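Visitor: Okay, handing you the structure first.
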Amino acid sequence: MKPDLTADETLTPRRRYLILAALVLATTLYATTILVVSVILPDMQGSLSAAPDQIAWVMTFNIVATAVATPMTGWLNATFGRRNVMLVSMTGFTLATMMCGLVYSLGPLVLFRVIQGLAGAPLVPLAQAVILDVFPLHERSRATAIFGIGVVLGPVIGPPLGGYVADLYDWHASFLVLVPMGVLAVLALWIYLPDGGRERYVRLDWTGFLTLVVAMICMQLALDRGDRLDWFESIEIIIEAVVAGIAFYLFIAHSLTTTGRPFLDLRHLLDRNYATGLLLVTIYGMMNFLPMIILPPMLQDLLGFPNAIIGTLLAWRGAGAVAAYFVFLMVLSVGRLDPRLWMSLGFGIQAYSGWLMMGFDFNTGTEIVALTSFMQGIAVALVWAPLVEVTFATLNPRFLAEASSTFHLLRNLGSSAFISVCVLIISRTRSGHSTTLGEFVSPLNEVLKFGGARVLWDGGSAAALARLGGEVGRQAALIGYINAFTAYTILNGVAIVCLLTIRSRRR
């Protein structure tokens, strides 16, 4: 077994940054595929002759597979070593991405999306653990900030890239264009990544693993399908909710009472920084992807923005992230600020962007949308590196791989769960307010007899009735989006309060 390589023993500064470059390439590619499908789903649905519920599994199964495989990272690292795990993961991920672009039926596509999620899940947490391991303490913030560029920019690059390539060719090309970069990432990891992370004997806690997997799968399925099946009016949702609750209870009970090494050691939560960091990264995950999911349909359906403009507006988020990372690195070159101040600033900027989005209406222009996207990019960049630093600052280094897998697991689960919740908020608000607003649409309402309302409202014209009904639906939908942005803003305020419990002192 090769010894662990650390910055103090064998790695030169040049080698450390070559390792960092390889990790950034791999994680950027992985993060790009997370949301690349969101833009091309309509094309895929038509090409594969799939129903809306069926095509949704292309994204849902990938999320579930990623959530299932992420907690295994610690065991895989301890058993096979980080070099072997990352090489196999990157190779499997690249092959699965290629196969996604070559299939022409729904079943194989869903299968390879599952393999893509399973193979790619260990990449980000293991890369984070490698960075914390190979860089000395005084360089971790800088290295984490550079690494964060890949984590943050990948989901921003994915939707515009997927849409642009699909417009030029078809949706298959949106997957195939990523394959050469995957091959390059495999070669870079093979050349530069050192070995390490193995332990002499590690037994996988199958009871803890299986109960956690069942709980996550059932929870995600219930959240994803609940609104379509009318929640607890459906036997399927009841069964999934009950099984998820039982499985999660068994996981907690087993983890607290087992005499061996549990799958996820809950005793790590006794470290206050780590416990608070898990809560904060869950909120961070909720905030990170939500605007990229709900803004495009709002801008297209309600405000009439074309796809090219929407892609440009999303790109401002990436520009904000890059700008913030460079500022962060320049500040670090001069001196060090308290990580809590960086995170407070980041969550505060994000909360202000949410407050601005709460004011969106049908007259909203591209400038304010670009501004909010730019601010959100700045915010996630300011939060990420300090959050990683304070979360693991007081934790025993030998638990980094396992703790990092839990860290990224909660980031992914927070993202998928909050997206489902906000989609539910938008859907329920739209249906509820359509009924409420419809009560005011009546020939007895004197307001409808004045000004422009006389053109819109004409009781004797079917076309006018259709226009009026469409306008009611638009107004109700806008209220739904504003409610989702309100939840987004409130959660950022909760994160700022949580920062008060973090210690700045390292142990």
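The values are calculated or read from the model by the stated rules, or taken from the named source; none is laboratory data. Worth saying up front: this structure is predicted, and the values here are computed from it rather than measured. Here the Cβ is made from the backbone with ideal geometry for all residues, glycine too, and neighbour counts use every protein chain on show.
Visitor: For the range 389-435, how many residues meet the condition of being among the acidic types (Asp, Glu) and closer than 17 Å to Ala121 by Cα?
Guide: Summing the residues that are among the acidic types (Asp, Glu) and closer than 17 Å to Ala121 by Cα in the range 389-435 gives 1.
Visitor: Could you tell me how many of the residues in the range 352-374 are in a helix (DSSP H, G or I) and surrounded by fewer than 21 Cβ atoms within 10 Å (Cβ to Cβ)?
Guide: If we filter the range 352-374 for residues that are in a helix (DSSP H, G or I), which is where we start, we get 352-357, 366-374.
Narrowing the set further to residues that are surrounded by fewer than 21 Cβ atoms within 10 Å (Cβ to Cβ) leaves 352, 355-356, 366-368, 370-371.
The qualifying residues number 8.
Visitor: With the structure loaded, tell me whether Ala319 is under 20 Å from Gly158 (Cβ atoms) and in contact with a Gly (Cβ under 7 Å, 6 or more places away or on another chain) or whether it fails that test. Full working, then the answer.
Guide: Details: under 20 Å from Gly158 (Cβ atoms): yes; in contact with a Gly (Cβ under 7 Å, 6 or more places away or on another chain): yes.
Criteria met by Ala319.
Visitor: Starting from the range 138-152, take each residue that is surrounded by fewer than 19 Cβ atoms within 10 Å (Cβ to Cβ) and list its partners that are at pLDDT below 75, counting only C-beta distances under 7 angstrom and pairs at least six apart or across chains.
Guide: Here the result reads Arg142/Leu329; Arg142/Leu332, each pair linking the range 138-152 to a residue that is at pLDDT below 75.
Visitor: With the condition kept exactly as written, say whether any residue in the range 286-306 is buried (at least 20 other Cβ atoms within 10 Å of the Cβ), of a type in the set (D, E, K, R) and not assigned by TED's automatic domain parsing to the domain that holds Gly148.
Guide: Within the range 286-306 (the criterion being buried (at least 20 other Cβ atoms within 10 Å of the Cβ), of a type in the set (D, E, K, R) and not assigned by TED's automatic domain parsing to the domain that holds Gly148), the answer is no, since none of the residues qualifies.
Visitor: From Leu111, Leu87, Leu161, Leu118, grab the single residue that is more than 22 Å from the chain's Cα centre (by Cα), part of a helix (DSSP H, G or I) and outside the structural domain of Ile293 (by TED's automatic domain parsing). Outline the logic, then answer.
Guide: Details: Leu111 fails: more than 22 Å from the chain's Cα centre (by Cα); Leu161 fails: more than 22 Å from the chain's Cα centre (by Cα); Leu118 fails: more than 22 Å from the chain's Cα centre (by Cα).
Exactly one of Leu111, Leu87, Leu161, Leu118 is more than 22 Å from the chain's Cα centre (by Cα), part of a helix (DSSP H, G or I) and outside the structural domain of Ile293 (by TED's automatic domain parsing), namely Leu87.
Visitor: Can you work out which of the residues in the range 383-405 that are crowded, with 23+ Cβ neighbours inside 10 Å and of a type in the set (Ser, Thr, Tyr) is farthest from Ala275 (Cα to Cα)?
Guide: By that ranking, first place goes to Ser405.
Visitor: Here's a follow-up. Report, ordered by the first and then the second residue, all pairs with beta carbons closer than 8 Å, sequence separation of six or more or different chains, a first member in the range 394-413 that is touching a residue at least 24 places away in the same chain (Cβ under 8 Å), and a second member that is acidic (Asp, Glu) and in a helix (DSSP H, G or I).
Guide: Close Cβ pairs satisfying both conditions: Pro397/Asp133; Leu400/Asp133.
Visitor: Condition test on Phe326, is it in contact with an Asp or Glu (Cβ under 8 Å, 6 or more places away or on another chain) and part of a helix (DSSP H, G or I)? Walk me through it before giving the result.
Guide: Working: in contact with an Asp or Glu (Cβ under 8 Å, 6 or more places away or on another chain): no; part of a helix (DSSP H, G or I): yes.
Here the answer is no, as Phe326 does not meet what is asked.
Visitor: Thr391 passes all but one of (1) free of Cβ contacts under 8 Å to residues at least 12 places away in the same chain; (2) touching a Phe, Trp or Tyr at 6+ places or on another chain (Cβ under 9 Å); which number fails?
Guide: Of the numbered conditions (1) free of Cβ contacts under 8 Å to residues at least 12 places away in the same chain; (2) touching a Phe, Trp or Tyr at 6+ places or on another chain (Cβ under 9 Å), the odd one out for Thr391 is (1).
Visitor: Mind checking which residues of the range 295-304 are modelled with pLDDT of 80 or more and touching a helix residue (DSSP H, G or I) at 6+ places or on another chain (Cβ under 7 Å)?
Guide: Answer for the range 295-304, where residues must be modelled with pLDDT of 80 or more and touching a helix residue (DSSP H, G or I) at 6+ places or on another chain (Cβ under 7 Å): Met298, Leu299, Leu302.
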